Amino acid sequence: MNDLEKTVLETIGENPDSPDVFKDTAAGMAPIRDSLGDAIEEIAMVTGATKRTYFLNLEEGRIFYRLTWTKDSLGWVTDAWLRAYNRRLEQTDLIRLNAYNPRWMTSSATSQSYFPVGADILGIFPKPAADNLIVELTCVVVPTPYANGEDRVKLKDSFKWAAVHFAVGEYYASRGDAKQAIYHHGQYVEKLGIQNLYPLAQERRWVKRTQKEASNVGPA
């Protein structure tokens, strides 16, 4: 049992040293770990806080490359740097390439752009004219969920309380306690800072007060 799990248990009123409901076993802690795993994945996707560098070795005439990760999974690419030419590749997409030139797949030259295809495929345009060119990719990744209390939890300290509130909110939601679930979800949003990134849309009535005098109003 790690510190995050203990904090969740304490928050819902359990004794971490001798829990009544969530026993310190793989099966007993599974609901808590699933909730924390979901929180970590969502935090990584919303904030883009977890980044890794990936070195892609280009091959002559090859357009598409599968990005393989040993532990994490790809979220999205934030930067692509062609090291041999000290050049940043711009992001494009298939629609733009087809509009530019329907025969874009036949072009072969120094690569200028990249485009994602699906979950883990990256395309390079134009296709490389030489081998062994390295593209340094900066990628947002989604950490692999931890499996037991001794695994490393890949989460910044500043987001740990957010993950706790996420898990506690799911616990109360599963018990039908909407009031507590909404409260802890609000705390999750606040600790994560989502309200600053995605402020809630509010219905407002805009009013402009003027100093007009009614012409039909007589003296008092």
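Take LEU97 and decide whether it is touching a helix residue (DSSP H, G or I) at 6+ places or on another chain (Cβ under 6 Å), over 29 Å from ILE43 (Cα atoms) and not in a strand (DSSP E or B). Judged against the criteria, LEU97 is a match.
When the stretch 101-110 is filtered for residues that are surrounded by 12 or more Cβ atoms within 10 Å (Cβ to Cβ) and in a helix (DSSP H, G or I), the ones remaining, listed by number, are TRP104, MET105. From the list PHE125, PHE115, PHE159, the lone residue that is closer than 30 Å to ILE12 by Cα, among the hydrophobic types (A, V, I, L, M, F, W, C) and surrounded by 18 or more Cβ atoms within 10 Å (Cβ to Cβ) is PHE159.
Residue under question is ASP131, and the condition is that it be among the acidic types (Asp, Glu) and surrounded by 13 or more Cβ atoms within 10 Å (Cβ to Cβ); does it hold? Here the answer is no, as ASP131 does not meet what is asked. Taken together, ILE32, ILE40 contain a single residue that is over 16 Å from the mean Cα position of the chain (by Cα), modelled with pLDDT under 95 and closer than 30 Å to GLU14 by Cα, which is ILE32. Outside any loop (DSSP other than H, G, I, E, B), in contact with a Lys or Arg (Cβ under 8 Å, 6 or more places away or on another chain), assigned by TED's automatic domain parsing to the domain that holds PHE159 and under 14 Å from VAL164 (Cβ atoms): does that describe ILE40? The answer is yes for ILE40. Selection within the stretch 5-17: residues that are assigned to a loop (DSSP other than H, G, I, E, B) and surrounded by 12 or more Cβ atoms within 10 Å (Cβ to Cβ). The member of this set that is modelled with the highest pLDDT is ILE12. The helices (runs of 4 or more DSSP H) found entirely in the stretch 118-220 that carry 2 or more residues being modelled with pLDDT of 90 or more and touching a Gly at 6+ places or on another chain (Cβ under 7 Å) are 178-192.
Within the stretch 81-98, residues that are exposed (fewer than 13 other Cβ atoms within 10 Å of the Cβ) sit with their Cβ atoms under 7 Å from residues that are assigned to a strand (DSSP E or B) and polar (S, T, N, Q), at 6+ positions apart or across chains, in these pairs: GLU90/SER113. ASP20 passes every criterion in (1) modelled with pLDDT of 90 or more; (2) exposed (fewer than 15 other Cβ atoms within 10 Å of the Cβ); (3) not assigned by TED's automatic domain parsing to the domain that holds GLU136 apart from (1). For the stretch 53-89, which residues satisfy the criterion of being part of a loop (DSSP other than H, G, I, E, B) and over 25 Å from the mean Cα position of the chain (by Cα)? Scanning the stretch 53-89 gives GLU59, GLU60, GLY61, ARG62, ILE63, ASN86.
The values are calculated or read from the model by the stated rules, or taken from the named source; none is laboratory data. Here the structure is a predicted model, which is why all the values come from computation and not from measurement. Neighbour counts run over all protein chains shown; Cβ positions are idealised from the backbone, glycine included.
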